[in-house]
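The next block holds one structure in the form of structure tokens; read it before the comments.
The values are calculated or read from the model by the stated rules, or taken from the named source; none is laboratory data. Nothing here was measured: the structure is a model prediction, and the numbers come from that model. In this analysis, Cβ positions are derived from the backbone assuming ideal geometry, glycine residues included, and neighbour counts consider all displayed protein chains.
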Amino acid sequence: MNTTKQTVSEESIKTVIDQVFSEVRNATEKYPTWPTDPLRALAVLGEEYGELNKAILQLTYEPSKTSHAEVRMEAIQTAAMALRLAMSLDRYQYAPCRQHSQQKLDLTVIRAREKDDFPEYYENG
């Protein structure tokens with residue numbers, strides 16, 4: 001493990017910020033509306049975070065399926081969606097959504113069966 005302290009240049013930071021702002025502009029042009037429901041807005045950010053997570057996992061464990069450039073692109077897109085979410089904090093309607101009741105789960109119906117209860121063709125193990 002490399003423990004050498006490395007610094008990030010101001011130019012590198014400016015480049016990333018410029019890329020995030022550019023992504024926000026592009027995304028806003030392509031999708032000019034944004035959810036008023038904060039949970040739906042969070043879901044948009046979550047979807048981007050999931051793609052970033054996948055890209056990092058693949059670069060770590062399946063490097064032939066992705067690249068550093070892909071990870072960077074997903075990180076920029078995630079940051080852009082986080083910025084879009086933050087840009088609307090004062091416009092969200094923080095209210096619970098409508099909900100419905102669900103039928104009570106009957107555990108006797110789905111309880112684990114004894115081994116002898118399985119059909120003959122079921123292979124155990």
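Restricting the first member to the range 1-18 and to residues that are at positive phi, and the second to residues that are at pLDDT 80 or above, no beta-carbon pair is closer than 6 Å while six or more apart or on different chains.
If I filter the range 64-72 for residues that are of a type in the set (K, R) and not in a helix (DSSP H, G or I), do I get at least one hit? Within the range 64-72, not a single residue is of a type in the set (K, R) and not in a helix (DSSP H, G or I). Could you run through the range 83-107 and say how many residues are touching a residue at least 12 places away in the same chain (Cβ under 8 Å), part of a loop (DSSP other than H, G, I, E, B) and either more than 20 Å from W34 (Cα to Cα) or not hydrophobic (A, V, I, L, M, F, W, C) (or both)? Residues in the range 83-107 being touching a residue at least 12 places away in the same chain (Cβ under 8 Å), part of a loop (DSSP other than H, G, I, E, B) and either more than 20 Å from W34 (Cα to Cα) or not hydrophobic (A, V, I, L, M, F, W, C) (or both): 5 in total.
Only residues that are among the hydroxyl-bearing types (S, T, Y) and either surrounded by 12 or more Cβ atoms within 10 Å (Cβ to Cβ) or closer than 16 Å to A86 by Cα (or both) were counted in the range 1-60, giving 5.
In this structure, does S88 turn out to be modelled with pLDDT of 60 or more, hydroxyl-bearing (S, T, Y) and within 16 Å of A43 (Cβ to Cβ)? The answer is yes for S88.
Could you please find all residues in the range 7-59 being aromatic (F, W, Y) and in a helix (DSSP H, G or I)? Write out each step before concluding.
Initially, the range 7-59 is screened for residues aromatic (F, W, Y), giving 21, 31, 34, 49.
F21, Y49 - these are the residues of the range 7-59 that are aromatic (F, W, Y) and in a helix (DSSP H, G or I).
Are there any pairs, at least 6 apart or on different chains, whose C-beta atoms fall under 7 Å, with the first in the range 36-58 and farther than 15 Å from M73 by Cβ and touching a residue at least 40 places away in the same chain (Cβ under 8 Å) and the second among the charged types (D, E, K, R) and outside any helix (DSSP H, G or I), and if so, which? Sorted first by the residue in the range 36-58, then by its partner, the pairs are T36/R91.
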